[in-house]
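One structure is given here, and the rest of the page talks about it.
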Amino acid sequence: MVIRNTSMSDRNLEQITEETSKDGTLQTLTKLIIDSWPEDTNEVTKEVFEYWNFRDELSNVNEISLKGEKIIIPASTRKNMLNKLHEGHLGIEKIKRKLARDSIFWPGINAQITDFISKCSVCLESRRSNIKEPMAESETPELPWMTVGTDIFYWNNNNYLIIDILKLRN
Ligand SMILES: [Zn+2]
């Protein structure tokens, strides 16, 4: 039921099932979930150590590993997932909302999303072109009201129109 509730397509779920079966770490993890974890952290192998702290939240359903209600994505599918999450070049906050809806997880996913976005060439390019232009000084007009500057701004739940009359130089 948990898996039915995700927004993931059947094709994606199929791919995750297949890649999970080929993922050594997730196979070790599956075995631990079924057989139970060792008592001592020293007996936990390095590859699954990052799952130790939330081992009580882990389960297996239809050959897919879950952390709570989230699907654990096998390593080979993570890059693809990052690309999908960042489709349309959404920013970090929007992606995190999407992530909550998609119910996917892997250790270090948040840091990887941040890293992925910070390296996205399309986002870098658009950030560069959005850099504010330096303030342009205009010529001092010869007479009052000769030049009027207007702008709109939003502050404290109100919209404002600002009108600036460029003054004559004394
Ligand atoms: Zn981007």
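A straight Cα-to-Cα reach below 22 Å connects K31 with the lysines K22, K46, K67, K70, residues fewer than 8 places away in its own chain not being considered.
Can you pull the Rg over Rh of the stretch 8-71, Cα-only, Kirkwood? Looking at the stretch 8-71, the ratio lands at 0.99.
In plain terms, the chain from W52 to A111 could stretch by 19.4 nm, reckoned as 0.36 nm per residue minus the Cα-Cα distance.
Could you check what % of the DSSP bridge pairs in the stretch 1-126 are antiparallel, to the nearest 5?
75 percent
Only protein heavy atoms count here; on that basis, with a 1.4 Å probe, D115 has an accessible area of about 70 Å². Note on the chain: Kirkwood radius taken over Cα pairs, Stokes-Einstein applied at 4 °C and 1.567 mPa s, translational D equal to 63 µm² s⁻¹.
Starting from the residue with the highest accessible area, list K84, K67, K22 in decreasing order, probe 1.4 Å.
K22, K84, K67
Extents of the stretch 98-168, largest first, come to 67, 30, 14 Å (Cα atoms, principal axes, whole angstrom).
Between I152 and R128, the distance separating the two model label sites (each 7 Å from Cα on the Cα→Cβ line) works out to 3.3 nm. For the stretch 5-37, list residues with backbone N below 14 Å from a point placed 7 Å from the Cα of E87 toward its Cβ? Answer for the stretch 5-37: 7-13.
The values are calculated or read from the model by the stated rules, or taken from the named source; none is laboratory data. Every value quoted in this text rests on a predicted model; they were computed, and no experiment measured them. All Cβ positions, even for glycine, are placed from backbone atoms using ideal geometry, and neighbour counts span all protein chains on display. Side chains included, ligands, DNA and RNA excluded: accessible areas come from the protein's heavy atoms. Shrake-Rupley method; radii C 1.70, N 1.55, O 1.52, S 1.80 Å.
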